[in-house]
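Colleague: Got a structure for you, written out below as C-alpha cells; questions coming shortly.
Only the coordinates and a few stated rules stand behind these numbers; no lab work does. As the structure is a computational prediction, the values presented were derived from the model and not from experiment. Don't worry about glycine lacking a Cβ; one is built from the backbone with ideal geometry, like all the others, and counts go over all protein chains shown.
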Amino acid sequence: MDKGKQPSIWGKHNFNQLTEEAFRRNKEKERAQVVGEILDQPDGCEKSNIDVLSDNSLSRLSRALEKAFEVELSPSVCDTVNVRLFSPHECVADDSFVVPMEVNTSVVALDAYGPGSVGRDGPKVGSILLFKVAGNLIEESAPDITAKDLAWGENCVFGAFVDGDAINYFEIAQTSGDVVQSELRRNDPTEENGQSVEMQVVKPGKDRLIVQKLSSSSDEALQLEQELDKFMASRPAQ
C-alpha cells in the first residue's frame, strides 16, 4: 500500500464518511457473529408450519420477507420449522396507561433460507430476529414466551435479518388489499388535479403484509441496534 501523499483530487472525497462506514461495517460483522452464537442457546423452542398457501402469521411473514430480502422462513414451499424463543431482555414499568403496566421485550428467532431449485431445498443464509412486546399488570406474572400469538402491527412491528456479515433492520406493516373497481369524479378547482372523487366501488380484499427495509442511518434502525445490544448483553457468555 502506498502511504505517500495522495493526489490532490482525493480532497474532493468525503473520507470521514468512508471511514465511519468502514468502522460501522466492522462492528456490524462482529455483532452479527455474536448474535449467531447466542441464537444457538434459546430458552425455548416451538414448531411452526410454513406453507406458501397458508394465512398463518409466520407464513405471511415468510412471503413478505421473500419480496424484501429474497429469503424465506422455510427451505421448501411447505415445511415445519423450529422457532427459537428467548426470555425477555427488558422489562419496563409504564404508568402512562390507565392501569400501570409492565412491558416486556423479547426476541423470537427463525432460520432464513435462500431460494431453492427444482428438487432442492433452499440453503440456510442467516437468521430472522423479531422483537416482540408483551404486557401485564404490575401484580401479574409475565406472560410465557411464545410465538403462537404473534400479531403484526400489535405485539411485533420490527425485526432484523442477520447473515454472516451484516444486520438489516426492517419494519413489518400491513396494507389494505381492497381494490377500487370504479369511481365517479367531478371537476373541482380546489383540488390540485382539478378533480375530486364523489363515489367509489371498492372490492374488499385481504390485507397484505409488507416488510420494509430500514436505512442504516434512520432513527428506527439506530434504536433497533440499541435494542439488539440490550438483548446481547442479557445473554450469559458462552
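Colleague: Counting other Cβ atoms within 10 Å of each Cβ, which chymotrypsin sites (Phe, Trp or Tyr not before Pro) in the range 56-102 have at most 10 and sit in a DSSP loop? Can you show the working numbers first?
Modeller: On the way: sites: F69, F86, F97; in loops: F86, F97.
Answer by residue number: F97.
Colleague: Can I ask one more? Quick check: residue separation of A142 and D207 times 0.36 nm, minus the Cα distance between them. What number comes out in nm? Walk me through the numbers before you get to the answer.
Modeller: On the way: separation 65, 0.36 × 65 = 23.40 nm, distance 3.10 nm.
Length gained between A142 and D207: 20.3 nm.
Colleague: Another question about this same structure. Compute the distance in nm between two label points, each set 7 Å from the Cα along the Cα-to-Cβ direction, one at V103 and one at E70.
Modeller: Here the answer is 3.7 nm between the modelled labels.
Colleague: So, one more: If amide H atoms are built 1.01 Å from N in the plane of the peptide, which residues on other chains or at least 5 residues away come under 5 Å of the amide H of D43?
Modeller: Under 5 Å from the amide H of D43 lie the amide H atoms of L85, F86, S87, each far enough along the sequence or on another chain.
Colleague: Next up: Can you give the percent of C-alpha pairs in the range 60-143 whose distance is more than 21 Å?
Modeller: Working: 1583 of 3486 pairs.
Tail of the P(r) past 21 Å holds 45 percent of the pairs.
Colleague: Here's something else I'd like to know. Given H placed on each backbone N at 1.01 Å, which residues far from A166 in sequence or on other chains put an amide H within less than 5 Å of it?
Modeller: Long-range HN contacts for A166: none found.
Colleague: Take each of the peptides 216-222, 191-197, average the number of other beta-carbon atoms within 10 Å over its residues, and list them starting from the highest. Mind dumping the intermediate values first?
Modeller: Values: 216-222: 13.6, 191-197: 10.1.
Top of the packing list down: 216-222, 191-197.
Colleague: Let me ask you something else. Suppose R0 equals 25 Å. What FRET efficiency, 1/(1 + (r/R0)^6) with r the Cβ-Cβ distance, do V133 and D79 give to the nearest 0.05?
Modeller: 0.35
Colleague: Fewest to most neighbouring Cβ within 10 Å: what's the order for V71, V98? Kindly include the intermediate steps, with their values, before the conclusion.
Modeller: Values: V71 21, V98 6.
Going from sparsest to densest Cβ surroundings: V98, V71.
Colleague: Continuing with this model, one more query. Which trypsin sites (Lys or Arg not before Pro) does the range 46-122 hold that lie in a coil by DSSP with at most 16 other beta carbons within 10 Å? Working shown, then result.
Modeller: Details: sites: K47, R60, R63, K67, R84, R120; in loops: none.
In loop regions of the range 46-122 (DSSP not H, G, I, E or B), there are no sparsely surrounded trypsin sites (Lys or Arg not before Pro).
Colleague: Which three numbers, in whole Å and largest first, are the semi-axes of the equivalent ellipsoid of the range 14-234 derived from its Cα gyration tensor as √(5λ)? Please report the intermediate quantities before stating the final value.
Modeller: On the way: eigenvalues 219, 115, 105 Å².
Each semi-axis is the square root of five times an eigenvalue, giving 33, 24, 23 Å.
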